[in-house]
1. Pairs, please: C-beta under 6 Å, at least 6 apart or cross-chain, first residue on the phi > 0 side of the Ramachandran plot and in the stretch A:111-125, second part of a helix (DSSP H, G or I)?
2. Quick test for you: out of A:207, A:178, A:132, pick the one residue that is under 26 Å from residue B:261 (Cβ atoms), surrounded by fewer than 21 Cβ atoms within 10 Å (Cβ to Cβ), in the same structural domain as residue A:247 (by TED's automatic domain parsing) and among the small types (Gly, Ala, Ser).
3. Which residues, counting only those in the stretch B:40-75, are touching an Asp or Glu at 6+ places or on another chain (Cβ under 8 Å), in a loop (DSSP other than H, G, I, E, B) and farther than 30 Å from residue A:171 by Cβ?
4. Going by the conditions given, is residue B:123 more than 7 Å from every other protein chain (Cβ to nearest Cβ) and either buried (at least 20 other Cβ atoms within 10 Å of the Cβ) or over 18 Å from the mean Cα position of the chain (by Cα) (or both)?
5. When you go through (1) within 12 Å of another protein chain (Cβ to nearest Cβ); (2) crowded, with 21+ Cβ neighbours inside 10 Å; (3) under 22 Å from the mean Cα position of the chain (by Cα) one by one for residue A:212, which number turns out not to apply?
6. What about residue A:79, is it farther than 30 Å from residue B:6 by Cα, of a type in the set (Lys, Arg) and either touching a residue at least 60 places away in the same chain (Cβ under 8 Å) or within 12 Å of chain B (Cβ to nearest Cβ) (or both)?
7. Can you list the helices (runs of 4 or more DSSP H) lying wholly within the stretch B:124-233 that have 3 or more residues being under 30 Å from residue A:230 (Cβ atoms) and without any contact (Cβ under 8 Å) to a residue 12 or more places away in the chain?
8. List every residue pair whose Cβ atoms sit under 6 Å apart, with the two residues 6 or more apart in sequence or on different chains, where the first one lies in the stretch B:48-76 and is on the phi < 0 side of the Ramachandran plot and the second, anywhere, is acidic (Asp, Glu).
Amino acid sequence: MTTTMTSGTVATSRREERRERRKRLGPLGVLSHVALLVWTVLVVVPILWTFLASVKSEDEIFGDAWSLPRTLHWDNFARAWEQAHIGQYTLNSVVVVTFSTFGTMLLGSMAAYVLARYPFRGNRAFYLMFVSGLAFPVYLALTPLFFVVQNMGNVPVLGPFIGLNTHAGLVLVYIAYSMPFTVFFLAAFFRTLPTAVGEAAMVDGASHTRVFFQIMLPMARPGIVSVTIFNVLGQWNQYQLPLVLLQERDKWVLTQGIADISTAAGYDQDWSALFAALTLAILPMLVVYTIFQRQIQAGLTAGALK
Amino acid sequence: MLFQRYRRGLFITAFLAAPVTLYLVYVISPYIQAFYIAMTDWRGVTATPRFVGFDNFARLFADGIFWKAVRHNAALLVLLPLLTIVIALFFAFLLNVGGGNGGSGGLGGIRGSKLYRVIFFFPQVLAVAVVAVLFQQVFRPDGSGMLNGPLMALGVEPVGFLSNPDVAFWSVLGVMVWQAVGFYVVLFSAGLASIPRDMFEAAQIDGAGRGSLFFRITLPLLWDTVQVAWVYLGILALDVFAIVWVMTDQHGGPDFSTTVMAAEIYRNAFSYFRFGYASALGVVMFFFTVGFAIISLRLSRRERIEY
């Protein structure tokens, strides 16, 4: 377009073009700002409204939705944390997700590496077995899964730790159900890495295992980070699997706890504690998201862009 | 040499053993069992389930609630991708191309486009269960609801967002769109970023307005990403559970006006203990999902040949 112009006039004429273009798009520019602001309001206001309600008294919550609290009831948070057990549920979630994400990444990257880099008979079959899980609805497996986990409880020695209502049992289930995406994504990633470094190390006498942990895994770091974020969020936000597998209250994870306060409690509800509990669930996500928003956006959209 | 090969085989076995075992036990075996349980009348009390052939499926197809659930999933399958993609494309276009007053690129996005993207994406980070409880409060039927409060102040009758069977489904759809849009704005923005700026500039110099910029340049070049979005949102629509189970009255009500297949599977299995019946529902759902995946793969392949 501007290639026919001499270099001296390029800068000024470009600026004029730009100004002219802006004029043509003028009134719509305002409208598009309005549209964007409307969606911003739609996203932000329900969340802020919840934060606001979390410091209201019970009467204020049942009064006008948009009234401001007369005094700030911080005690709502104490009740949510203690009596509604949000503290316990948060701790449970942290424990489960820490182990399950670590396990997912360890086992997932091991399987992905072998399947991506070592041709052997059956390789393709194993790969397809893992990846086919991406297409299955988890609801089909739900009923049998309940009994599988129940039966795991009867396994000698380990049984009591991995049956129903155990965090370790849920961790194993999370790891298994995170395999399809993790293997799919990381296998694709390992295939793009150069082979030369690993081969050189092998010549120098490094074992296959050592090449994996000390050379390939560090090289795959960007992919590992994306999938880790994907798995942390996916497992933290999981509701369906714990709903089926953890039925004892003191084992519940945070999503179960939040969902339960609003559904099962009946008439003697502590509504202000409910809003405080919601705030306690949202606020940490907001903080983490604000700090890592670039990585989180990349991690979550990584699968779709592949 | 032999030792080398032995070491290699040992390594492969050692690395695959744990992931494959876990996957076989917790994923593959339940899926296979589900097909068998679907042909039994198992209710969990007897040790050996009785084989009943296709009885569960016959009962299922005569069940009005099942068809309600299927209809809701089908409506979501059409409406959720359509609304989400249209809104997300519109915003992605405004934020990346159509702003007209970009800073460095000349023809970049609107001012503050990065901040908009960050805000729009946030709902995606929240757990669906948390979003469901949040909107349960937003949708309260009286003056204490975030939406009904202002409506009543204006003298409008309060809307039974979740209590009116004619409205509840649309509330569910609305919340799903609310949560999904930001993800696809970011996805489409990434797609747009890979289109050379020159394309848009050249078109604008040739006199293209916003409309033709969008329909003639943006949409055709983003078509692959739109297809991916369609598949993702379609699967989301078929898989929906938590938002319905947690947010709506009576888990899919009122009067089954919002129920979906996943909710009926859970209800039948873990409230009624009809494991055979629930598994039959799961099998039907499985074929819907696989069918959808095959159809969308077919369609997208045809599109690619046309290119």
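The values are calculated or read from the model by the stated rules, or taken from the named source; none is laboratory data. Predicted model only: the values in this text are computed from it and were never measured. With ideal geometry, Cβ positions are generated from the backbone for all residues, glycine too; neighbour counts draw on all protein chains shown.
1. Correct list of pairs: empty, since none qualify.
2. From the options A:207, A:178, A:132, the qualifying one is A:132.
3. B:41, B:50, B:52
4. It is false that residue B:123 is more than 7 Å from every other protein chain (Cβ to nearest Cβ) and either buried (at least 20 other Cβ atoms within 10 Å of the Cβ) or over 18 Å from the mean Cα position of the chain (by Cα) (or both).
5. Here residue A:212 clears every test but (3).
6. Judged against the criteria, residue A:79 is a match.
7. B:128-138
8. Matching pairs, first to second residue: B:50/B:41; B:52/B:41; B:69/B:264.
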